[in-house]
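Asks: First, the structure itself, so that you have it in front of you.
Values in this text are rule-based calculations from the coordinates and carry no lab data. Worth saying up front: this structure is predicted, and the values here are computed from it rather than measured. Ideal geometry is used to build each Cβ from the backbone, glycine not excepted, and the neighbour counts take in all protein chains shown.
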Amino acid sequence: MKKIIPFCCLAGLTILLTACSTVAPWERDVTARKSMQLTKNANFAAINDHIYYSKEGSTGGRSTDGGGCGCN
Amino acid sequence: MVGSDRLSEVMTTIAKPLKYQFKAMNSPCEVQFDCNDAALAGELGRLAEAEAARIETKYSRYKEDSLLSRVNRSNGRPVPVDTEMMALLTYADNCYRLSEGLFDITSGVLRRIWRFDGSNKVPEDHEIAALLPLIGWDRVVLGPDNITLAPGMEIDFGGLGKEYAVDRVLMMLAAKTDVRILVNFGGDLRVSGPRNDGSPWRISIESVEENRKTEGMIAISSGALTTSGDARRFLLRDGVRYGHILNPLTGRPVMGAPRSVTIAAPTCLEAGIMSTLAMAKGRDAEEFLRDEKLAAWVLR
Amino acid sequence: MQLSNRNKGRIGATLCLVTANLFSTTGLVQAQEVQNAFDEPATNGPGNIIMDGAVMYYRENNSRIQAIEPMASYTDYADNGDIFSIKLTADSLSGASPFGATPWIAPQNFLSPTSVTISGDDGSTGASGGVVVTDPVTQMKILQTTAKANELPLNPGFQDTRGAANLSYTKALASRTRVTFNLNGSIERDYQSYSGGASIAQDFNNKTTTISVGVNYQHDLSKRLYGTPTPFAVMTGVFTDGTKSENIVSATAGITQVITRNWLVQLNYSYERATGYQNNPYKVISVLDPVTGAPQRYLYEARPDKRTRNAVYIGSKLAVGSFVTNLSARYYHDSWGINSITANASEHIPIGTRGYIEPGVRYYHQSSADFFNYFLLSNAALPQFASADNRLDKFNAITASIKGGYMLNDQIELYAMADYYSQTKAGTKGLLPGNNGSLNLFAGVKAISVMTGVKYRF
């Protein structure tokens, strides 16, 4: 049951998102900016992921890019 | 729709800028440099000429082995195109949708029946009706990296090729030098900034009347200027004058179009597309220009 | 010819955008007024090579862990859309770390095997703090460490250096389809991890929608120094078990959607299944007298050998002028009973024409694992699994961070980041039996980290 709720939310949101897209191709200029990139700085993201992986019990959500360490 | 066929003459003030002149795209072309360095002017002028030639070779309807001609000969098969041509086709697609069909690069086939030579030979209704199924950008299939035209259809970049060339040449040269330049290809022009002393470049607009040489001067410090005009290309029959701006949706000339529309805009492409659109609005040209808040001069 | 009302008066503005788009696609950037360097288009497109180097320093409170981590990467964006990237990281850790034992009102002695060979006999100082004694029965060398009264016992003199490499290759199959392969390896003295994965990304709707799906396989090898203890073995003695391994298979699916010209949203789901050795071979759990709370013995922890994880993530980026508001949330659930919620907010603020500053805050809350306990009682039967590892405890964590970047010129970007991270106990405080309410059992951490680096594009 606990697994189904997130699934449904994800599926529902996905359909909602793609359905309400009214962005014309020439309107992609803002999302092309440096400041709007999903990984503006790869090292910031990597360091944070590393710290939280070693100090907390949760992982995942963003990418499967692997590489564990013994900080278990 | 076809573009301007008149040259706006650039009048200069005190020190004359250096000029590099050549012929391209069936028009007299020039690049003016506000400096004394003849070597630099020559080097950059040659770059401009080369870029204009590159664009012409690739996109000219008149060259048999151009990429555009290959597309026009494809007879219904998909033709792969590169990044630049795909970007231009996408641009044409955007303009088609923005203008609600008035700007349509497949409308060139109408030239087969409409010859604006001042005579009275107006095509018959059935001739126009026969061509209409071959016109319509919505019939073109644009894939991720290819284009498919139905057999009998043709595209041409007459409404954007020269303007694109002016913009490209100006941006390329402006990236290489701080010297103030003016690029003018057959009346479609753009400047990189005011002249060295801060004064604007002075452009004279050719008159539509027989007995006047010029209609006046425009001072331009930045951006581009294009003119769409009607003066010498028309048909006259039964007292009705048919201007040469054709409506792709009907296959017929736009009635009540101004004799000439000159528009200033940041880029030559924008100026060119907007002046084409203004002409296509016929009697509503001034209202259209007012709504769009454009710097424009209309002659009727 | 009537104008439709929808476009009335707006054709010129849209044409301006369309024209700018044409020029940027064909490689010429308009020399127009850009308010801030970070408003310019990102340079992660064909024809760029980016080299990036940075160093991070991390430090926990109370003389716990300190780490320094340099990293360097090289990424080549080929003209045909392919991307090749390599990244090398090293980290050097030192300091002390809690190992699961609870504090006590008197000093506690912990014994663990050591392979230090010294000429002297009893009373010699071990290599990493503590005293080396010889077991009179087995004649084995044993390291004895002592934890002070009323303090959380820490594993002293912990030192480790790790090196890692990541390789990634993206192939553009078509203008809207990309497939990426990646390989990773991480090696330290007592642990190795290797992984490989592949993912595919597809653009739709004129590239305003991107869907990506990926899988990853990871194989970990744990080679505890001095042998791997059997779960629930008493803390001392020599262990003969050698290398233990773990296999992790994971999959993610995500969608990125441009909702309006200024607003980008991302949704991801990830799934992971780990089988194999998942204990921390250095961690113990204290067995206490149920009446007085006095420690009787220490047993090595025991965790299940299977773990399934699920996470859902949503992120949003909204541009207002040159400012960008970033929000994200993640919900996580795993088969060990840990549920967590993470929420992140930060604001990208342009500074002058070349820089930005980005303050941010992160809130995290996790529930404890089903088998988590601060201690076991000596009069109770051993449960199937037990661990006192604070990573499995129920706690909240807050991070306050500030990031910044500065474009020195068109090609060089300087950047830096500083974080303050603090974990606090959530839910009922752990309490030792007997009259020991003053002892704090929560082993959560407070840490600062700072990083600085430079990115060079040519």
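Asks: Could you name the lysines in cross-link range of C:Lys425, using Cα to Cα under 28 Å and dropping any fewer than eight places away on the same chain?
Replies: A:Lys2, A:Lys3, A:Lys55, C:Lys148, C:Lys283, C:Lys306, C:Lys394, C:Lys403, C:Lys446
Asks: Mind sorting B:Thr250, A:Thr59 by how few other Cβ atoms lie within 10 Å of their own Cβ, fewest first?
Replies: By the 10 Å Cβ count, ascending: B:Thr250, A:Thr59.
Asks: Explain nothing, just compute: Karplus ³J(HN,Hα) = 6.51 cos²θ - 1.76 cosθ + 1.60, θ = phi - 60°, for every residue of the range C:414-430 in order, whole Hz, x for Gly and Pro.
Replies: Ordered by residue, 3J(HN,Hα) equals 9, 8, 7, 8, 9, 10, 10, 10, 9, 9, 9, 5, 10, x, 5, 5, x Hz.
Asks: Tell me the relative contact order for the range C:245-316 as a rounded percent, counting alpha carbon contacts under 8 Å between residues six or more apart.
Replies: Computed over the range C:245-316, the figure is 35 percent.
Asks: Angle check, please: helix C:11-25 long axis (alpha carbons) against the longest principal axis of chain C (alpha carbons), in degrees 0 to 90, nearest 10.
Replies: Helix C:11-25 sits roughly 60 degrees off the main axis of chain C.
Asks: What do you get for the angle between helix B:83-98 and the principal long axis of chain B? Use alpha-carbon atoms, 0 to 90 degrees, nearest ten.
Replies: 70 degrees
Asks: Further question: If all Cα-Cα distances of the protein assembly as shown are sorted into 10 Å bins from 0 onward, what percent lands in each bin, rounded to whole numbers?
Replies: 2, 11, 18, 18, 14, 11, 9, 7, 6, 3, 1, 0, 0
Asks: Can I ask one more? Under the rule of -39500 (n - 2.57) per DSSP H run of 4 or more residues, summed and divided by the residues of the protein assembly as shown, what mean residue ellipticity at 222 nm is obtained, to the nearest 500 deg cm²/dmol?
Replies: -5000 deg cm²/dmol
Asks: If you don't mind, there's one more thing I want to ask. Can you give the net charge of the other residues whose Cβ lies under 11 Å from the Cβ of B:Ala130, counting K and R as +1 and D and E as -1?
Replies: -2
Asks: Work through the residues other than B:Gly272 whose Cβ is under 9 Å from its Cβ and net out their charges, Lys, Arg +1 and Asp, Glu -1.
Replies: Charge balance in the 9 Å sphere: -2.
Asks: Using mean Cβ contacts within 10 Å as the protection proxy, how do B:34-47, C:380-393 order, highest first?
Replies: C:380-393, B:34-47
Asks: Next up: How big is the convex hull of the Cα atoms of the range C:137-254, per residue, in Å³?
Replies: Measuring per residue, one finds 171 Å³ for the Cα hull of the range C:137-254.
Asks: Within 10 Å of each Cβ in peptide A:47-54, how many partner chain Cβ atoms are there on average? Round it to a whole number, please.
Replies: Mean shielding by partner chains, rounded to a whole number: 6.
Asks: Could you tally the net charge around C:Gly163, taking each other residue with its Cβ under 13 Å from the Cβ of C:Gly163, Lys/Arg +1 and Asp/Glu -1?
Replies: So the environment of C:Gly163 carries a net charge of -1.
Asks: Based only on other Cβ atoms within 10 Å, what is the fewest-to-most ordering of C:Thr19, C:Thr230?
Replies: C:Thr230, C:Thr19
Asks: Could you tell me how many degrees, from 0 to 90 and to the nearest 10, lie between the Cα long axis of helix B:161-176 and the main elongation axis, the longest principal axis, of the Cα atoms of chain B?
Replies: Approximately 30 degrees, to the nearest 10.
Asks: How well do other chains shield peptide B:85-94, expressed as the mean number of their Cβ atoms within 10 Å of each residue Cβ?
Replies: Shielding by partners across B:85-94 averages 4.
Asks: Between Rg and the Kirkwood Rh of chain B, both from Cα atoms, what is the Rg to Rh ratio?
Replies: 0.97
Asks: Give the average, rounded to an integer, of partner chain Cβ atoms located within 10 angstrom of each Cβ in C:327-340.
Replies: Rounded to a whole number, the mean comes out at 3.
Asks: If you don't mind, another one. Can you return the lysines within cross-link range of C:Lys207? Criterion is Cα-Cα under 26 Å, with same-chain partners fewer than 8 residues away left out.
Replies: A:Lys34, A:Lys40, C:Lys171, C:Lys317
Asks: By counting other Cβ atoms within 10 Å of each Cβ, how are C:Phe458, B:Phe103, C:Phe204, C:Phe395 ranked from fewest to most?
Replies: Least to most surrounded, the residues fall as C:Phe458, C:Phe204, B:Phe103, C:Phe395.
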